[in-house]
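Structure record follows, encoded as structure tokens.
The values are calculated or read from the model by the stated rules, or taken from the named source; none is laboratory data. Only a predicted model underlies this, so the values are computations on that prediction, with no experimental measurement involved. Quick reminder, even Gly has a Cβ in these numbers, built from the backbone with ideal geometry, and neighbours come from all protein chains shown.
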Amino acid sequence: MSHPSDPQFWNDRYTAGTTPWDLGGVPPRLAQFLTEHRTGGRVLIPGCGTGYEVAVFHQAGFDVTALDFAPAAVARARANLGPDLGTRVLLGDFFQHPFAPQSFDFVYERTFFCAIPPSLRAAYVQRMIELLRPAGVLVGLFYHGDERDGPPYQLNESDHATFFPPHFALTLDEAVAQPFPLFGANERWREYRRRP
Ligand SMILES: C[S@@+](CC[C@H](N)C(=O)[O-])C[C@H]1O[C@@H](n2cnc3c(N)ncnc32)[C@H](O)[C@@H]1O
């Protein structure tokens, strides 16, 4: 059986239609964020899955790039978005895709940090440091579960405290007003600012 660090693991789930994390739309909290950030900017959505958020970032004036390493997810995202916006979705590995350093003002993610094996968490934060410009913002929805066998992997405050400081300042941490039923009260909206 394939491992969650292997695209095949995720691809099998998309082709089987076993994607319980899929919201089927855009998180309501993201709409609020977009009204608060009317300046736009360059945004990356890693582990984008079916990529619903690409369209709303684009409509809000952002230069959006999304990325997933599961071909079936990318195919579905491109089909959902249509031929123009579909080109914004790249097939690639977040840890290896050849983006130029400091390519982004924002990284938005949902259910990606909890989906990667814990052994990759330090590399995830290092990659965010590389890809965000100084004072750039990592924002999104982080699921804090206590599952023994991931994904999603167990994730809690102490894990955040282990990996994000000193490179990132936690500038916002909120409960989600309209929780996704699968995640309930265990999903947090967070904003981390990359320290210069
Ligand atoms: C739990 S799903 C979340 C998908 C989407 N963000 C959502 O909220 O519906 C995790 C996603 O991360 C992708 N993924 C995992 N590791 C990745 C990596 N190293 N590079 C790119 N995508 C990755 C998987 O293919 C999967 O689509």
Name the single residue that is farthest from the ligand (Cβ to nearest atom) among those in segment 1-14 being more than 22 Å from Arg121 (Cα to Cα) and surrounded by 14 or more Cβ atoms within 10 Å (Cβ to Cβ).
Asp12
Which of the residues belonging to segment 71-98 are in a loop (DSSP other than H, G, I, E, B) and either farther than 18 Å from Arg127 by Cβ or away from the ligand (no atom under 12 Å from the Cβ) (or both)?
Thr87, Arg88, Pro98
Does Ala66 meet the test of being in a strand (DSSP E or B) and among the small types (Gly, Ala, Ser)?
yes
Here's a check for you: in segment 99-140, which residue that is farther than 14 Å from Gly47 by Cα and hydroxyl-bearing (Ser, Thr, Tyr) is nearest to the ligand (Cβ to nearest atom)?
Ser119
Conditions first: (1) touching a strand residue (DSSP E or B) at 6+ places or on another chain (Cβ under 8 Å); (2) within 14 Å of the ligand (Cβ to nearest atom). Arg42 passes all but one, so which condition is the exception?
(2)
Mind checking whether some residue in segment 52-60 is more than 9 Å from the ligand (Cβ to nearest atom), under 18 Å from Phe142 (Cβ atoms) and out of contact with any strand residue (DSSP E or B) (no Cβ under 6 Å at 6 or more places or on another chain)?
no
Close pairs from segment 58-69: first over 16 Å from His97 (Cα atoms), partner within 14 Å of the ligand (Cβ to nearest atom) and assigned to a strand (DSSP E or B), Cβ under 6 Å, at least 6 apart
His58/Val64; Phe62/Val43
Condition first: crowded, with 20+ Cβ neighbours inside 10 Å, over 14 Å from the mean Cα position of the chain (by Cα), at pLDDT 95 or above and closer than 24 Å to Glu187 by Cβ. Can you find one or more residues in segment 91-103 that meet it?
no
For residues that are more than 14 Å from Pro151 (Cα to Cα), within 19 Å of the chain's Cα centre (by Cα) and exposed (fewer than 13 other Cβ atoms within 10 Å of the Cβ), tally how many sit in segment 15-27.
2
So how many residues does segment 144-173 have that are polar (S, T, N, Q) and within 15 Å of Phe112 (Cβ to Cβ)?
0
Take the residues of segment 15-36 that are in contact (Cβ under 8 Å) with a residue 40 or more places away in the chain and touching a strand residue (DSSP E or B) at 6+ places or on another chain (Cβ under 9 Å): which is farthest from the ligand (Cβ to nearest atom)?
Phe33
Mind listing whichever residues of segment 29-64 are at pLDDT 95 or above, farther than 15 Å from Arg88 by Cβ and surrounded by fewer than 16 Cβ atoms within 10 Å (Cβ to Cβ)?
none
